[in-house]
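Chemist: Quick one: the structure is below, questions incoming.
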Amino acid sequence: MHIPDGFLDGRTAAVSAAFSVTAIGVALNHAKRSMPTRQIPLLGLTASFIFAAQMLNFPVAGGTSGHLIGAVLAAILLGPSGAIIALTAVLIVQALVFADGGVLALGANVFNMAVVGSVGGYALYRLVCWIAPGNRGRLLAAGFSSWCITVLMAILCAAELAWSGTAPWSVAFPAMANVHMIIGLGEGIITMLAIAAIARVRPDLLDEGNRKQARSTVPELVYGAVIVLGMVFFLSPFASPWPDGLERVAMSLGFEQKALSPPAIQSPIADYRIPWLGSSVTATGIAGAIGVVIVFGLSFLLAHLLVRSHRQDDPA
């Protein structure tokens, strides 16, 4: 659902960027006041996992693929503010380093996926947890909120395309909503599986009351890094090559040629490929590993600079 440059006009890009900057500012201010330093490594690891997971496109019907967005998963683990920071770091690295999503459209992508995805997804998750408490209710909440927010983000994207004059609302809305109803099923299933796995090994990360006191140990961070790098090296080269939901809609509605070519900024590792490496599998794995390191470093550094380590509730 990464919007490339050329799909949105200047007005839409500017307005969405203004909303995104405001939301990011609020999230950073909240993190500065409330995020304990012990949660910083978890934020970096979560951002890295989402970056790696977004490389794993899975096939859906009609020659279309989808991938995890991860906003709900990040919000459950980090809270909405932490999720906005993590997703924003992922989207910035994707746009600047890998040409995955436009630089001029970065504000819209951040607003759709990081802001609306995190805040809206978390609000719906908490609501369903309140209606259906317990472990099963939590899994239901994770899956249902992930599906709903995926469809909502698709509708927002359709609205931005319509406002830009790229595609009429009457055709963009059903096209984006229909395909992402299917992609949202994959998002919900993956989120449920991740939450179920975390509930078995670190249930404290899922409890809002205990989350701020949770500390990730060095072995856990190492295991997490191994899992993320394993996803990048062994799974991402075999991701589905089919176009994702937005690309498929652009092809079917005939506006795919609006994407800027060449892009506004030349990315050093465009499309997760390293030109001088002959093997595409190796090139994708190395490119993904570079991205994981950059995303972790960016999100970790940003959170570390913001969080006040002298808080009384966090003597570390």
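Chemist: Name the residue farthest towards the positive end of the dipole of the chain from the options Gly25, Ala270, Leu8, assuming +1 on Cβ of Lys and Arg, -1 on Cβ of Asp and Glu, about the Cα centre.
Modeler: Gly25
Chemist: Okay, next question. Which entry in (1) 25.2, 80; (2) 21.0, 71; (3) 18.7, 58 matches Rg and Dmax of the Cα atoms in Å derived from the coordinates of this structure?
Modeler: (3)
Chemist: Would you please give the residues with an amide H less than 5 Å from that of Ile69, counting only those at least 5 places away or on a separate chain, with H modeled from the backbone geometry?
Modeler: none
Chemist: If I take R0 = 35 Å and measure r between the Cβ atoms of Leu253 and His304 in this structure, what FRET efficiency does the formula 1/(1 + (r/R0)^6) give, to the nearest 0.05?
Modeler: Values: r = 44 Å, r/R0 = 1.25.
In this case the efficiency is close to 0.20.
Chemist: Taking the 0 to 90 degree range and rounding to the nearest ten, how far is the long axis of helix 280-306 tilted relative to the main principal axis of the chain, both from C-alpha atoms?
Modeler: With both axes taken from Cα atoms, the answer is about 50 degrees.
Chemist: Then there is this: With charges only on Cβ, +1 for K and R and -1 for D and E, what is the dipole size of the chain about its Cα centre, in debye, rounded to 20?
Modeler: On the way: 17 positive and 15 negative charges, 165 e Å.
Dipole size: approximately 800 debye.
Chemist: Let me ask something else about it. Tally Lys/Arg at +1 and Asp/Glu at -1 over every other residue whose Cβ is under 13 Å from the Cβ of Gln54; what's the total?
Modeler: Numbers: positive: none; negative: Asp100, Glu187, Asp244.
Neighbour charge sum, excluding Gln54 itself: -3.
Chemist: Further, regarding this structure: Please arrange Glu247, Glu187 by counting, for each residue, the other beta carbons lying within 10 Å of its beta carbon, fewest first.
Modeler: If I rank by nearby Cβ atoms, fewest first, I get Glu247, Glu187.
Chemist: Suppose the chain between Val218 and Phe58 were pulled fully straight at 0.36 nm per residue; how much longer would it get relative to their current alpha carbon spacing? Each step should come with its number before you reach the end.
Modeler: Numbers: separation 160, 0.36 × 160 = 57.60 nm, distance 3.17 nm.
Going from the current span to full extension adds 54.4 nm.
Chemist: Another question about this same structure. Expressed as an acute angle from 0 to 90° and rounded to the nearest 10, what is the orientation of the C-alpha long axis of helix 40-54 relative to the principal long axis of the chain?
Modeler: Taking the Cα atoms of the chain, the angle to 40-54 is about 30 degrees.
Chemist: Let me ask something else about it. With 10 angstrom as the radius, rank Trp163, Trp147 by how many other C-beta atoms surround their C-beta, starting from the fewest.
Modeler: On the way: Trp163 15, Trp147 23.
Fewest to most other Cβ atoms nearby, the residues stand as Trp163, Trp147.
Chemist: Now, a different point. Where is the GNM fluctuation largest for the chain (alpha-carbon springs, 10 angstrom cutoff): Ile131, Ile84, Ile69?
Modeler: Taking springs between Cα atoms under 10 Å, the residue moving most is Ile131.
Chemist: From the gyration tensor of the Cα coordinates in region 136-291, what semi-axes in whole Å does the equivalent ellipsoid have, largest first, with each one equal to sqrt(5λ)? If you can, show how the numbers build up before the last one.
Modeler: Numbers: eigenvalues 210, 135, 35 Å².
Square roots of five times the eigenvalues give 32, 26, 13 Å.
Chemist: Let me ask something else about it. Treat every Asp and Glu Cβ in region 168-305 as -1 and every Lys and Arg Cβ as +1, leave all other atoms uncharged, and give the resulting dipole magnitude about the Cα centre to the nearest 20 debye.
Modeler: On the way: 8 positive and 9 negative charges, 38 e Å.
Dipole of region 168-305, to the nearest 20 debye: 180 debye.
Chemist: Right, something else. Around Val60, which amide H atoms from residues at least 5 apart in sequence, or from another chain, sit under 5 Å from its own amide H, with H modelled in the peptide plane?
Modeler: Placed amide hydrogens put Ser65, Gly66 under 5 Å from Val60.
Chemist: Would you mind checking the tilt of helix 218-230 against the longest principal axis of the Cα atoms of the chain, expressed as 0 to 90 degrees and rounded to 10?
Modeler: Rounded to the nearest ten degrees, it is 20.
Chemist: Run the paramagnetic zone check for Arg200: 7 angstrom along Cα to Cβ, then residues of region 131-155 with backbone nitrogen under 18 Å.
Modeler: Backbone N within reach: 135-140, 143.
Chemist: Once Lys and Arg get +1 and Asp and Glu get -1 on their Cβ, which of Ile85, Ser34, Leu68 lies farthest toward the positive end of the dipole of region 1-135?
Modeler: Going by the charge dipole, the pick is Ser34.
Chemist: Output the peptides 90-97, 168-175 sorted from most to least packed, where packing is the average of other Cβ atoms within 10 Å over each peptide's residues.
Modeler: Values: 90-97: 22.6, 168-175: 15.2.
Listed from highest to lowest mean packing, they are 90-97, 168-175.
Chemist: Taking +1 at the Cβ of each Lys and Arg and -1 at the Cβ of each Asp and Glu, which of Met176, Pro133, Leu156 sits farthest along the dipole of region 129-210 towards its positive end, judged by Cα position relative to the Cα centre?
Modeler: Checked the options; the winner is Pro133.
Taken together, the values in this text are just the output of simple stated rules run on the coordinates, not laboratory data. The structure displayed is predicted, hence computed values, not measured ones. Note: ideal-geometry Cβ built from the backbone for every residue, glycine included; neighbour counts use all protein chains shown.
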